[in-house]
Amino acid sequence: MIENTSLIPSEAARLTVDVASEKNATDIILMDMRSVCSFTDYFIVMTAESKRQMQALVNDIDETLAKSGMKLTHLEGSSEGGWILLDYIDFIAHVFSPEERDMYQIEKYWNRAPVLFRVQ
C-alpha cells in the first residue's frame, strides 16, 4: 500500500507521533489498522488544547513529512470544527480538540486495532 516512497509507513507514522509529541499534543495514540481496515495501515490520534495549537500541529506535521518526501493526499476538517484529518494514504493523522475527541471516541470505534504506541 506504499504510494509515498521516502519512508515506509511505520516510519512515517512514528515520525508523526514524534512531531506531535514535540509540539505538545496530548493523548497521542498510534494504532495499527492493517488487520481491521483496507484503506490505511496506521491511525495517529492526538488532542490539541486550542485552535492555534491544532493548526500549528497540522502545519508542523505536514512540513516535516514533506521534507521526508511524504505527500499529503487529503486534508479534511478545520480547527474551527475541532477536528482535522491528514491523509497520507498509508497512514491518517487525526487532530482533535478535547471536546471533539471525547465526542467521536475514535479509539473505541476502532477498538480491535492494536495500539502500538501511546503518549499521555
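None of the figures in this text is laboratory data; all of them are computed from the coordinates on show. Note that the structure is a prediction, hence the values are computed from the model and not measured. Positions of Cβ are backbone-derived with ideal geometry, glycine not excepted, and every protein chain shown enters the neighbour counts.
Specify which residue in the list V95, Q55, I106 is farthest towards the positive end of the charge dipole of the chain, using unit charges on the beta carbon of Lys, Arg (+1) and Asp, Glu (-1), about the Cα centre.
Working it through, the farthest residue towards the positive pole turns out to be I106.
Using the crude model of +1 on Lys and Arg Cβ and -1 on Asp and Glu Cβ, and no other charge, please compute the dipole size for the chain relative to its Cα centre, in debye to 20.
Here the chain has a charge dipole of around 160 debye.
Starting at the first residue of segment 58-68, write each ³J(HN,Hα) from the Karplus equation 6.51 cos²θ - 1.76 cosθ + 1.60 with θ = phi - 60°, in whole Hz, x for Gly and Pro.
4, 4, 5, 4, 5, 4, 5, 5, 4, 5, 8
How big is the antiparallel share of DSSP beta bridges in the chain, given as a percent to the nearest 5?
Given both bridge residues lie in the chain, the antiparallel proportion sits at roughly 75 percent.
I'd like to compare 24-30, 39-45, 69-75: which one has the highest average count of other Cβ atoms within 10 Å, and what's the full order after that?
39-45, 24-30, 69-75
Return the lysines within reach of K51: Cα separation strictly under 18 angstrom, same-chain partners fewer than 8 residues apart disregarded; answer none if there are no such residues.
Cα-Cα hits under 18 Å: K23.
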